[in-house]
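Written out below as structure tokens is the structure these notes cover.
Nothing in this text is a laboratory measurement; each read-out follows from the coordinates by a stated rule. Keep in mind it's a predicted model, so treat the numbers as computed, not measured. Ideal geometry is used to build each Cβ from the backbone, glycine not excepted, and the neighbour counts take in all protein chains shown.
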Amino acid sequence: MPAHYNVLFLCTGNSARSIMAEAILNHKAKGGFTAFSAGSHPSGSVRPEAIRQLASAGIAVEGLRSKSWDEFSLPDAPPMHFVFTVCDNAAREVCPLWPGQPMTAHWGVADPAAVRGTPEKIERSYRDAFHILDRRIGLFLSLPLTILGQLAIQRSIEDIGRS
């Protein structure tokens with residue numbers, strides 16, 4: 001396995017969960033990983049609630065944008081080592097073929113953008129999604145990737161998605 005890994009988080013709209021995952025991993029990675037996010041049908045904007053949640057956790061939000069996964073299937077795109085779907089819709093869609101056969105897993109997280117109700121209920125849904133992603137990314141970063149074989153890594157990242 002390489003010393004530096006590229007990770008792509010996919011969702012349908014690329015407006016909340018995948019954006020938060022990208023920002024969390026880039027914040028925690030300390031140079032060993034570069035995270036990206038994209039959507040199959042990007043909304044074109046990042047949810048302000050997701051930005052507020054990241055900012056309240058002290059995570060940089062500059063440069064975050066909603067984008068299509070097509071950007072990452074182009075010949076000049078960075079090679080991906082891991083691809084995670086974070087919403088059920090994206091997990092069921094036919095993804096582009098990623099060069100290099102990255103390891104893939106589904107880490108389903110409830111969609112905070114779908115929650116309706118009081119501002120407190122909506123804020124709680126974003127906080128819950130953030131904490132689930134933060135915990136899974138922390139577990140992912142704790143894997144000894146340099147000594148695990150590819151099959152063991154694949155099983156481990158799938159197990160993290162069930163946590």
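Quick one: length gained pulling Ser142 to His41 fully straight, 0.36 nm per residue minus the C-alpha distance?
Working: separation 101, 0.36 × 101 = 36.36 nm, distance 3.17 nm.
The span from Ser142 to His41 would gain 33.2 nm if fully extended.
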| query | GluC sites (Glu not before Pro), restricted to the stretch 1-87: which are DSSP loop and have at most 14 other Cβ atoms within 10 Å? | reply | Glu62
| Whole-Hz ³J(HN,Hα) from phi, Karplus 6.51 cos²θ - 1.76 cosθ + 1.60, for the stretch 46-54, glycine and proline x | 8, 4, x, 5, 5, 4, 4, 5, 5
| Spin-label point model (7 Å from Cα, Cβ direction): what's the Asp128 to Arg162 distance in nm? | 2.2
